[in-house]
Amino acid sequence: MTGTLYTDQAFIERLTEIVSSNLQNENFGVNDLAREAGLSRSIIHRRLRAIKDQNISQFIREIRLKRAMELLQEHAGAASDIAFKVGFGSPAYFNKCFHEYYGYPPGEVRKRIHPEEGVKHESVPANLGVSKELQTGVKSGPVKWMKVSRRMTILLSITALVVLALTLVIINGSRRKAKDLSIFILPFKNFTNDPENQYIVDGIMEDVLNNLYHISELRVVSRTTSEHYRGTNLTAKAIAKAEDVRNILEGSMRQYGDKTRISVQLIDAYRDNHLWSENFDRDTIDINTFEGEIALIIANRLNAEISDDEIRQIREIPTQNPVAKDYYLRGRFLLNKTDNEQRADINKEGLIGSIKYFEKAVAADENFAEAYAGMASAWSLLSGWGWLPFKEGFSKARDLCMKALEIDPDCAEAHAVKGSIYIWGERRFEEGRKELLISLQLNPNCPPVHQSYTQLLMITGPIDEARIYMDRALKLEPYYWVLHNLNAWIYYFEERYKEAIGACLLARDLKPDYIYTNWLLFLNYAKLDEGMKAAEELKEIVRVVTRTSQYDDEIMDAYNRSGVEGLFTWLIDININNPVPAEGLSGHPFFIAWWYAITGDRENSVYWLERNMEAKRKVYEYFNLIATNPDFDILRGDPRFLAIIDQIGLTPYNNRPAK
């Protein structure tokens, strides 16, 4: 973050001023606010969460609704006119939002003015726990109390207080212990006056982070979350509050001739107290030998329990060859740099560049297991993102994983990549599960492996276990949009649709242009029978993929005729008769089967699932989920569905009851 550090009040006032000046612009959104405020979306998101417990979209919507209330109370026009004045493109959607926020529709605002006194009722947002008696000033009638002996009442009260006190002591003690063992590592600063050394600085910071990951009792926030704070002016206490951690580690690198100094300091942000600081002076050619030492000192200072196996892993030095380590750091820097702070902008060139450096690293040290594992990660990502044929990248990645594990059977990254190849490349789910669990045992705090294991559980179930791993991943990496998107899917499978919508809105705040979040919102609004919102999301999806609004009237006609079911009937029709080249609209048989399943049409759903089995591309990213997706529960007793499940290896996981 650059510029002056706002107080909370000044921060909110500044954002409010920006939104208010753009109120009539219905397209003014998250990116526009961030640009005009001169702050990143993630910084605004974190501060709004900390101050108001809102995401950015909710904050903007609240300002629009409050101004709408003012205009309605001033008799400034009809509700439909005011909707456009405050930036709502649809009066119907405005009515919905207004009703949800205030608890009554905009048309009732004038009725809530006492005609004899001209005094307005206080406008209280809905769901704030304010009783009708308190809102209207009506007193409750007389209450008949049960006759209970005074002595028994006192005894029961004392007993309840003692139980409550003991419970709070136990819970708070447990929470305090967990928070005391949490740590956030800020990006190390490069004070060498040479930007080319940034890969070394980042590499040292990441090595310290990875060594701390091995300590299961610590909660270590991820590197990608740390990137949000690169160059920040926020205090350690403010960062700790935003990330819900107790401790902050800061570091920097300086060079003096052929000597390099790494300086680190550990801060108890809660007490604003320095727990430990030290300078590590090394020859520049030999600066990568102390990261494990730093991790062990931190664990000792925080009184974290650490096992013999964890100590052994931390003390192991992957290579003694400084040239190999330098090439490895360059490769890892490029591999990390292919992603931005939200891991959203991965690119082919960065991955290929990282492979070249990893190849040089293993040429310098043929027993450098981590370099083989890094190369395996890059090759698997090239195939996973579609830049190489699926089997080509995974085949190379598999061979490199085997080489890494031959050298070091405890290489956590190699186990993780191997597990992912088994699951998504070869559909060997149980073998993949075994590899991911080994990786998590070796590296308990690694966010990508928690994510991979969560995604496996979304395929195989049980979903309640997927929820546990999802929550862990979000604690480690709270600002990664993909995790919030996956979180919404798990809520959908749990049939917790309101929570799913909340997760979608967080994902959209962090990455507004991801169209599949709109699909998730559409599905969840449909499940809640909030048809107008579902229709608006569907219109937005079609507008984005077709770059035209020509289908808007068709969608609204379908909704007006048949409600939510009409929207799915429209989707089925356009897929079969007038496909659009976009996921969910392109005529692919899986999506037709899915839309039929949601409408309750068993025969057509099974028919199109069978057509999906004949398709060249089976859309496995969604097809893999049919064992856990409740939308297909109507088919679970059908022998044809069971045959399809068996063909794709999901029979052991088809445990949901049939409807």
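The values are calculated or read from the model by the stated rules, or taken from the named source; none is laboratory data. These figures come from a predicted structure and were not determined experimentally. So basically every Cβ, Gly included, is an ideal-geometry build from the backbone, and we count neighbours across all protein chains shown. Calculation scope for accessible area: heavy atoms of the full protein, side chains included, ligands and nucleic acids excluded. Shrake-Rupley method; radii C 1.70, N 1.55, O 1.52, S 1.80 Å.
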Q. By how many degrees, 0 to 90 and rounded to 10, does the Cα axis of helix 602-614 deviate from the longest principal axis of the chain?
A. 30
Q: Rounded to whole Hz and in sequence order, give me ³J(HN,Hα) for segment 189-205 from the Karplus expression 6.51 cos²θ - 1.76 cosθ + 1.60, θ = phi - 60°, writing x for Gly and Pro.
A: 8, 9, 9, 8, 6, 9, x, 5, 7, 4, 5, 6, 4, 5, x, 5, 4
Q | At 0.890 mPa s and 25 °C, Stokes D of segment 361-427 from Kirkwood alpha-carbon radius, µm² per second | A | 213
(Q) Whole angstrom only: what separates the Cα centroid of segment 400-465 from the Cα centroid of segment 184-245? (A) 25
Q: Treating only the Cβ atoms of Lys and Arg (+1) and Asp and Glu (-1) as charged, compute the dipole magnitude of the chain about its Cα centre; round to the nearest 20 debye.
A: 1840
Q.
Could you tell me the relative contact order of segment 469-520? Use alpha-carbon pairs under 8 Å, at least six residues apart, and round to a whole percent.
A. 34
Q | Acute angle (nearest 10 degrees) that the helix 552-577 long axis makes with the longest principal axis of the chain, alpha-carbon atoms | A | 40
Q: Rounded to the nearest 0.05, what FRET efficiency do residue 20 and residue 308 give with R0 = 51 Å and r taken as the Cβ-Cβ distance? Could you check?
A: 0.25
**Q.** For residue 276, residues with placed amide H under 5 Å, excluding near neighbours
**A.** 266
Q) Spin-label point model (7 Å from Cα, Cβ direction): what's the residue 80 to residue 276 distance in nm? A) 6.9
Q. With every protein chain left in place, what is the accessible area per residue of segment 341-478 in square angstrom, probe 1.4 Å?
A. 41
Q: Just the number, please: carbon plus sulfur as a percent of the accessible area of the chain, 1.4 Å probe, no ligands or DNA/RNA counted.
A: 50
Q | Long pairs among 241/539; 533/618; 434/527; 418/475, criterion Cα-Cα beyond 32 Å | A | 241/539; 434/527
**Q.** Charge dipole of the chain about the Cα centre (unit charges at C-beta), most positive-ward option of 592, 45, 249
**A.** 45
Q: Determine the order of 349, 70 by accessible area, beginning with the largest, at a probe radius of 1.4 Å.
A: 349, 70
Q: Answer rounded, prolate or oblate for segment 502-634, using the Cα gyration tensor with square roots of eigenvalues a ≥ b ≥ c: rounded when a/c is under 1.5, else prolate when a/b is larger than b/c, else oblate.
A: rounded
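Which of the three applies to segment 322-480, rounded, prolate or oblate, going by the alpha-carbon gyration tensor with a ≥ b ≥ c and a/c under 1.5 meaning rounded?
It is prolate, given that a/c is not under 1.5 and a/b is the larger ratio.
For the chain, what's the relative contact order in percent, using C-alpha pairs closer than 8 Å and at least 6 residues apart?
Values: 916 pairs, mean separation 51.4, N = 659.
So the answer I get is 8 percent.
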Q. Any idea of residue 186's accessible area? Nearest 10 Å², probe 1.4 Å.
A. 20
Q.
Rounded to the nearest 5, what % of DSSP beta bridges with both residues in the chain are antiparallel?
A. 75
Q) Remind me, relative contact order of segment 564-659 in percent, using alpha carbon pairs under 8 angstrom and six or more residues apart? A) 21
Q. Could you give the accessible area per residue of segment 499-626, probe 1.4 Å, as a whole number in Å²?
A. 41
